[in-house]
Amino acid sequence: MNARVDFTPMVDMIMLLVTFFMLCTSLLKPQTMEIAMPSDKQDIKDEQRNQAKASEAVTILAGGENRIFYFEGKPEEAMQNLVETKYGKDGLRKFLLAKNANAQKEVEKLKKEFETRDINEESKKEYNQRLSDIRSAKGTPTVIIKVADNANYDNLMKVLDEMLICNIGKYVIDNFTDADKALLESKGVKFPQQ
């Protein structure tokens, strides 16, 4: 006599389990990232739309060998204003906190105000909106981050962490150009030959 096991009911059981888990698990909410779009005013010329104010512009150049530089203002003045610093609280963070001091004070006030409030979805939304407004207000620095090809991923992550710690809301990762390479070479940064 031949014994045979019928697996047809097992298919139904698997479908029921899949349906059960799909309906019972909570789906993740999509993560969004804020993007500051350029102004759409008609009286602004096209070349001015994407430019940051020179007084608010800070460019950070991360080169190889864990070396990092920054300068304030226009790229044409980079040679005179280029400063080498280091990663961490005594280097880049100290400079960025000084540059963004007003926003830091406003963020501290905001944190104190919300310490005593009840935490709910509405208060979280209000806090995040007001924090975003403070970080991107007029007078806060606009940071342009440029990372050389011979820098490692950790260098970029450290710079991005400083943006969050220093409450800088306006920053962009830009292409590392030949002019940036020449600027760092003048300061003794070595690049591999191609």
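The values are calculated or read from the model by the stated rules, or taken from the named source; none is laboratory data. For clarity, every value in this text was computed on a predicted model and none was experimentally measured. Every residue, glycine among them, receives a Cβ derived from its backbone with ideal geometry; neighbour counts consider all protein chains shown.
Yes or no: the stretch 111-123 includes at least one residue that is acidic (Asp, Glu) and in the same structural domain as GLU65 (by TED's automatic domain parsing). Before the answer, list the steps.
If we filter the stretch 111-123 for residues that are acidic (Asp, Glu), which is where we start, we get 113, 115, 118, 121-122.
Subset that is in the same structural domain as GLU65 (by TED's automatic domain parsing): none.
Checked the stretch 111-123: no residue is acidic (Asp, Glu) and in the same structural domain as GLU65 (by TED's automatic domain parsing).
Kindly evaluate GLU126 against the criterion of being among the acidic types (Asp, Glu), out of contact with any helix residue (DSSP H, G or I) (no Cβ under 6 Å at 6 or more places or on another chain) and assigned to a helix (DSSP H, G or I). Walk me through it before giving the result.
Numbers: among the acidic types (Asp, Glu): yes; out of contact with any helix residue (DSSP H, G or I) (no Cβ under 6 Å at 6 or more places or on another chain): yes; assigned to a helix (DSSP H, G or I): yes.
Criteria met by GLU126.
Of the residues that make up the stretch 67-85, is at least one more than 19 Å from LEU183 (Cα to Cα) and assigned to a loop (DSSP other than H, G, I, E, B)?
Of the residues in the stretch 67-85, the ones more than 19 Å from LEU183 (Cα to Cα) are none.
Within the stretch 67-85, none of the residues are more than 19 Å from LEU183 (Cα to Cα) and assigned to a loop (DSSP other than H, G, I, E, B).
Search the stretch 81-103 for residues that are touching a residue at least 24 places away in the same chain (Cβ under 8 Å) and buried (at least 17 other Cβ atoms within 10 Å of the Cβ) and pair each with any residue that is of a type in the set (Val, Ile, Thr) and in a loop (DSSP other than H, G, I, E, B) when their beta-carbon atoms are under 7 Å apart and the residues are at least 6 apart or on different chains.
Within 7 Å, the pairs are LEU96/ILE168; ASN100/THR140; ASN100/ILE168; ALA103/THR140.
Do we have any residue at all in the stretch 79-98 that's in the same structural domain as ASN155 (by TED's automatic domain parsing), modelled with pLDDT under 85 and under 20 Å from THR140 (Cα atoms)?
Yes, the stretch 79-98 has at least one match.
Does the stretch 134-152 contain at least one residue that is assigned to a helix (DSSP H, G or I) and surrounded by fewer than 18 Cβ atoms within 10 Å (Cβ to Cβ)? Outline the logic, then answer.
Of the stretch 134-152, the ones assigned to a helix (DSSP H, G or I) are 134-135.
Retained after the next criterion (residues that are surrounded by fewer than 18 Cβ atoms within 10 Å (Cβ to Cβ)): none.
Checking the stretch 134-152: not a single residue is assigned to a helix (DSSP H, G or I) and surrounded by fewer than 18 Cβ atoms within 10 Å (Cβ to Cβ).
From the list VAL147, VAL107, VAL189, pick out the single residue that is among the aliphatic types (A, V, I, L, M) and either touching a Pro at 6+ places or on another chain (Cβ under 8 Å) or not assigned by TED's automatic domain parsing to the domain that holds THR85 (or both). Steps first, answer last, please.
Working: VAL147 fails: either touching a Pro at 6+ places or on another chain (Cβ under 8 Å) or not assigned by TED's automatic domain parsing to the domain that holds THR85 (or both); VAL189 fails: either touching a Pro at 6+ places or on another chain (Cβ under 8 Å) or not assigned by TED's automatic domain parsing to the domain that holds THR85 (or both).
The conditions single out VAL107.
Can you say whether ASN167 is in contact with a Lys or Arg (Cβ under 6 Å, 6 or more places away or on another chain), polar (S, T, N, Q), assigned by TED's automatic domain parsing to the domain that holds GLU56 and not in a helix (DSSP H, G or I), as far as the supplied structure shows?
yes
Give LEU110, LEU156, LEU131 a once-over and let me know the one that is modelled with pLDDT under 90, assigned to a helix (DSSP H, G or I) and touching a strand residue (DSSP E or B) at 6+ places or on another chain (Cβ under 8 Å).
Working: LEU110 fails: touching a strand residue (DSSP E or B) at 6+ places or on another chain (Cβ under 8 Å); LEU131 fails: touching a strand residue (DSSP E or B) at 6+ places or on another chain (Cβ under 8 Å).
Residue meeting the stated conditions: LEU156.
Going through the stretch 154-194 one residue at a time, which ones are small (Gly, Ala, Ser) and either surrounded by 13 or more Cβ atoms within 10 Å (Cβ to Cβ) or under 14 Å from the mean Cα position of the chain (by Cα) (or both)?
Narrowing the stretch 154-194 to residues small (Gly, Ala, Ser): 169, 179, 182, 186, 188.
Answer for the stretch 154-194, where residues must be small (Gly, Ala, Ser) and either surrounded by 13 or more Cβ atoms within 10 Å (Cβ to Cβ) or under 14 Å from the mean Cα position of the chain (by Cα) (or both): just GLY169.
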